[in-house]
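Structure, as structure tokens:
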Amino acid sequence: MRENAWNKYSKEDLIELEKLCDDYRDFLDNGKTERECVNITIDMAKKAGYTDINDLIKSGKKVEAGDKVYASFMGKSIVLFNIGSKPMEEGMNILGAHIDSPRLDIKQNPLYEEKELVYLDTHYYGGIKKYQWVTIPLAIHGVVVKTDGSVINVVIGEDENDPVVFISDLLVHLSQTQLEKKGAKVVEGEDLNIIIGNKPLMGEEKDAVKKNIIKLFEEKYGFSEDDFISAELEVVPAGKAKNAGIDSSMIMAYGHDDRVCAYTSLVAMLSQGKTDTTSCLLLVAKEEIGSVGATGMKSKFFENTLAEILNLMGIYSELTLRRTLANSKMLSSDVSAAYDPTYASVFEKKNSAYFSKGIVINKYTGSRGKSSSNDANAEYVGLVRKIFEENNISYQTAELGKVDQGGGGTIAYIMAVYGMNVIDSGVAVLNMHAPNEVVSKADVYEAMKAYVAFIKS
Ligand code: MN
Ligand code: MN
């Protein structure tokens with residue numbers, strides 16, 4: 001059994017750990033969508049000396065060792081490069097994580113009134129237990145794009161003085177039939193309707209409440225009902241991340257999957273000065289729906305950007321690009337299921353991730369007979385172990401639950417297509433994909449230190 005990481009910390013370690021976790025909670029509070037996470041990342045990267053690749057392409061300025069470059073893709077995914085002194089074709093050290101989280105997306109034609117209650121209809125995004133999303137305070141985050149191309153940023157429900165929105169659930173007194181249903185059917189996808197208003201517009205008779213809401217959207221936010229068609233509005237749990245446990249040893253928040261790996265990877269990346277091996281950070285969207293789409297990991301944006309970087313360095317060729325990718329090594333970071341003693345029957349104790357035992361490495365993920373798994377090479381697992389052990393990083397290995405209990409995937413297998421060494425790693429999470437997930441602060445700290453050690457290696 002591996003040791004509890006809390007046992008090894010000095011006073012100084014604990015101060016550093018709490019500071020990291022305070023900053024992480026801020027990141028969670030301000031980054032509840034992939035777009036918000038990209039915006040924060042750009043701000044932090046600029047402060048650390050990173051330049052927008054588009055500015056470099058425009059000015060024709062050469063990129064060389066010591067330069068720091070970022071590229072954003074449609075404001076939803078982002079990649080950072082810290083160019084090292086070694087030849088690019090010897091490969092890069094890559095950190096990757098995803099910044100989208102399960103949520104409820106507002107439909108393109110969402111607005112309706114029923115018995116003087118006004119609703120927004122939603123379509124859930126990613127894997128959720130639908131019954132967990134009713135009766136809790138919800139916020140709306142996202143963008144509305146007008147036909148003139150202007151973008152309106154929307155955040156409703158986060159400020160102290162802001163109203164929240166919510167989904168109703170049936171009172172227990174009338175739930176006899178509902179409670180006989182299977183968990184997956186207790187609340188169904190089409191029932192995830194957000195209640196947003198109940199006050200009629202004076203002087204109106206038909207749909208007066210809806211008209212009042214439309215007026216409010218127009219006056220307060222500057223968009224019309226038609227503008228929902230070109231909007232991306234995400235409904236997420238309202239409120240701030242909290243320290244959890246009487247001993248404040250944990251953090252409860254929306255979106256640990258996978259912002260806990262994204263943030264700690266980002267901190268590691270930005271803490272780095274000049275380097276020998278080029279390091280790279282990838283924060284991507286759409287992982288929760290299969291990494292598809294232009295901003296998902298299956299898109300060519302990463303490869304295209306690397307080609308641009310090599311071109312700006314004056315060394316682009318198809319072969320250099322292929323070699324740079326194939327010789328790279330990566331920690332593809334995503335959360336692991338933390339062992340939950342209350343639900344012990346779905347876990348296999350010897351191969352489970354435990355709170356406060358450090359960063360988790362998963363040689364393979366997938367489901368059934370390792371289906372769709374990356375299954376990292378043993379030699380590479382050996383190298384990662386060496387890096388962690390030499391740097392006194394607490395680490396553990398795990399699978400996602402018992403064989404044949406289910407499974408899951410990450411972005412590792414997509415990067416493996418280039419022939420690079422890549423392994424899944426990350427932080428153990430309780431209540432994964434619930435509106436509020438929980439992590440151990442010790443694991444947040446160990447993950448950050450593990451990422452620093454990896455990109456330095
Ligand atoms: Mn994930
Ligand atoms: Mn997930």
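The values are calculated or read from the model by the stated rules, or taken from the named source; none is laboratory data. As the structure is a prediction and not an experimental result, all values here were calculated from the model. Cβ placement follows ideal geometry from the backbone for every residue including glycine, while neighbour counts extend to all protein chains displayed. Each accessible area value is taken on the protein alone, full model and side chains, heavy atoms only, with ligands, DNA and RNA left out. Shrake-Rupley method; radii C 1.70, N 1.55, O 1.52, S 1.80 Å.
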HN-Hα J in Hz across the stretch 160-176 - Karplus 6.51, -1.76, 1.60, θ = phi - 60°, x for Gly and Pro: 3, 8, 6, x, 9, 10, 6, 10, 7, 10, 5, 5, 4, 4, 10, 9, 3
Lysine pairs with alpha-carbon atoms under 22 Å apart, the stretch 112-194, spacing 8 or more or separate chains: 6
With Cα atoms, 0 to 90° folded angle of helix 34-47 axis to the chain main axis: 40
Loop trypsin sites (Lys or Arg not before Pro), the stretch 197-238 (other Cβ atoms within 10 Å of the site Cβ: 12 or fewer; DSSP): Lys206
Cross-link reach list, aspartates and glutamates versus Lys206, counting only Cα pairs under 16 Å and skipping chain neighbours closer than eight places: Glu113, Glu114, Glu116
Karplus-derived 3J(HN,Hα), 6.51/-1.76/1.60, for each residue of the stretch 14-30, Hz, glycine and proline x: 5, 5, 5, 4, 5, 5, 4, 6, 4, 5, 5, 4, 4, 4, 5, 5, 9
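Using DSSP to call loops (not H, G, I, E or B), can you name the GluC sites (Glu not before Pro) in the stretch 320-412 whose Cβ has at most 15 other Cβ atoms within 10 angstrom?
Glu348
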C-alpha center-to-center spacing [the stretch 278-313, the stretch 348-375] in angstrom: 25
Amide proton proximity set for Val187, modelled H, under 5 Å, gap of 5+: Tyr131
Accessible surface of the stretch 103-237, 1.4 Å probe, proportion on carbon and sulfur as whole %: 52
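How much of the accessible area of the stretch 286-415, in percent, comes from carbon and sulfur atoms when a 1.4 Å probe is used? Could the numbers behind the result be given before it?
Working: 2900 of 5930 Å².
About 49 percent, which is the carbon plus sulfur part of the accessible surface.
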Neighbour-limited loop hits for trypsin sites (Lys or Arg not before Pro), the stretch 364-449 (at most 13 other Cβ within 10 Å; DSSP other than H, G, I, E, B): Arg368
Summed side-chain charge close to Leu20 - residues other than Leu20 whose Cβ falls under 12 Å, Lys, Arg +1, Asp, Glu -1: -4
Range of Cα positions in the stretch 103-237 per principal axis (Å), largest first: 49, 37, 29
Helix-only CD estimate at 222 nm, as mean residue ellipticity for the chain, using -39500 (n - 2.57) per DSSP H run (n ≥ 4): -8000 deg cm²/dmol
Helix axis angle, 301-312 relative to the chain longest principal axis, alpha carbon, degrees: 50
Rounded tilt (10° steps) of 441-456 against the dominant C-alpha axis of the chain: 40
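Accessible area, 1.4 Å probe, largest first: how do Val381, Val79 sort? Don't skip to the end; give the middle numbers.
Numbers: Val381 25, Val79 0 Å².
Result of the area sort, largest leading: Val381, Val79.
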Positive-end residue of Leu174, Ile136, Gly197, charge dipole of the chain with Cβ unit charges: Ile136
25 Å Cα cut-off, lysine pairs counted over the stretch 367-457 (separation 8 or more, or different chains): 6
For the stretch 379-395, 3J(HN,Hα) per residue [Karplus equation, 6.51 cos²θ - 1.76 cosθ + 1.60, θ = phi - 60°, Hz, x = Gly/Pro]: 4, 6, 4, x, 5, 5, 4, 4, 4, 5, 5, 5, 9, 6, 8, 6, 9
Beta bridge orientation in the chain: antiparallel %, DSSP, nearest 5: 70
Separation between Cα centres of the stretch 142-185 and the stretch 200-255, rounded to whole Å: 8
